[in-house]
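Notes follow the structure.
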Amino acid sequence: MVIRPNPDAPARLPKLLPDETLYSLMARVHWLNDYKNARDCCARLLGDGDQLRVADSCFDHIRFHSATRGFYGDVTRLLTRTSLSGFFHRLGTHPGVEVPRRLRPEDTDALTASGGLATLSNGRAHIWKWCPQCMQRDRDTYGVAYWHRRHQLPSVVICNEHQTPLLEATLLYRDRQQEFILPEQLPGRTRVRLACHAGVPLPAATSLGRLAEQILLDDAMDASPESVRGALVDGLAEAGLVSRMGRIGKKAFIAGWMDHYGDVARLPEFTPSLSARNVSGLVQSLSREGWVLPATTTVMLVNWLFGSWQLFREHCTWRRALSSTTGVSGGHPSKGTVSTPENARKNYRDACIAFLKSHPDATRKDFWVACPRSCRWLHTHDEKWLQRQLPATHRRKLIQLELF
Ligand SMILES: [Zn+2]
């Protein structure tokens, strides 16, 4: 049998550079090989047959793997290293979500499918960011300046490595669909500006940037929109912003939110999350099931309420585990399911029982940390029952007393 070489296969394939985006890799494949133009390259490598676009090219895993003869290994793994898809997934959202919105199942499919090459790589199709110092170093080391994945993250306006403000380019639709564009090949009419004020230390911007990078690199974390929302509500409860009836205190929320992020309120990256209209919608969306938040807003909430990715991810993991064992959304019932005292009692008790099944030696304090809303409700409305399951005194001591 004669095996014909794949006519779309490029003759030369570059190695992946550190923190390089899929888009940048594609750009370098194009420049190393003899394609008619960038659109032709995308059509042949990515399978986007109409040859009309570059940045919005659909990414076909099988086509790419075949055309590159498996040079980059497992394509799913390649995407984990070169795209922001894992980052958005860990925050329970999608790149296309720009304001809090209710998400129906069909929306999820549409949002997942809508990410072209640039959105997959950079999170947004039109705004791309870079650090001048990283660019200089890459040029000196690798001979090319490319888009770094961690610079593109929502809520990142400072280079974590150099502590310098990022520059950001707004690329016109026509330009980005015609050619591959790297930081040193911006079309002349591209608008470039600082993503952050130069020379002014902004602690909130620095901590948000660090947090976003941790989220990007946490491949082991799995999440869902429900577990993320549930963990955020836990954080609000621990901050004293949720009433006994489960309502988020809007005035106190807005005051705390605006106070915490006052120093970044004028930066375009954060303005949408801090506008009066959107903050009001944010409080409402946190109170309801089925709503998702923009990635920037979610990173800001995690930073504000938990101050640590590790702590937040533990809450998410717990919420996911509880949801799968009890069917109770995230360890406490949603607003809709707490329609009667009987429902509430049953659901909060279920949450406690599920927790004890997974953590037989847990104390009441452990339950409080993992599921504060359920613990608080039971403590207030069902104390006798809670006392039998989780005595206020140290449970381990009681177990030991029973043994002897
Ligand atoms: Zn840098």
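Some points to look at:
- Residue that is farthest from PRO225 (Cα to Cα), among those in the range 257-281 that are in contact with a Leu (Cβ under 7 Å, 6 or more places away or on another chain) and assigned to a helix (DSSP H, G or I): ASP263
- One residue stands out among those in the range 160-175 that are crowded, with 16+ Cβ neighbours inside 10 Å and over 21 Å from PHE88 (Cβ atoms): the one that is farthest from the ligand (Cβ to nearest atom), which is ASP175.
- Selection status of THR190, of a type in the set (Ser, Thr, Tyr), over 24 Å from CYS58 (Cβ atoms) and surrounded by fewer than 23 Cβ atoms within 10 Å (Cβ to Cβ): yes
- Looking across ALA362, ALA344, one residue alone is on the phi < 0 side of the Ramachandran plot, assigned to a helix (DSSP H, G or I) and either under 33 Å from the mean Cα position of the chain (by Cα) or modelled with pLDDT under 80 (or both). It is ALA344.
- Selection within the range 176-190 - in contact with a Leu (Cβ under 9 Å, 6 or more places away or on another chain) and not in a helix (DSSP H, G or I): ILE181, LEU186, PRO187, ARG189, THR190
- Here is the figure for the range 292-318: residues that are of a type in the set (A, V, I, L, M) and surrounded by fewer than 21 Cβ atoms within 10 Å (Cβ to Cβ) total 1.
- Selection count, the range 238-247, where residues are modelled with pLDDT under 90 and either buried (at least 21 other Cβ atoms within 10 Å of the Cβ) or not in a helix (DSSP H, G or I) (or both): 6
- Among the residues of the range 123-148, those identified as of a type in the set (D, E, K, R) and either within 13 Å of the ligand (Cβ to nearest atom) or surrounded by fewer than 17 Cβ atoms within 10 Å (Cβ to Cβ) (or both) are LYS129, ARG137, ASP138, ARG139, ASP140.
- Qualifying residue in the range 270-281 (condition: crowded, with 23+ Cβ neighbours inside 10 Å and under 11 Å from LEU232 (Cβ atoms)): no
- The lone criterion from (1) surrounded by fewer than 20 Cβ atoms within 10 Å (Cβ to Cβ); (2) of a type in the set (Val, Ile, Thr); (3) in contact with a Lys or Arg (Cβ under 6 Å, 6 or more places away or on another chain) left unmet by ILE215 is number (1).
The values are calculated or read from the model by the stated rules, or taken from the named source; none is laboratory data. Bear in mind the structure is a predicted one, so any value in this text is a computation, not a measurement. FYI the Cβ positions are ideal-geometry reconstructions off the backbone, even for glycines, and counts take in every protein chain you see.
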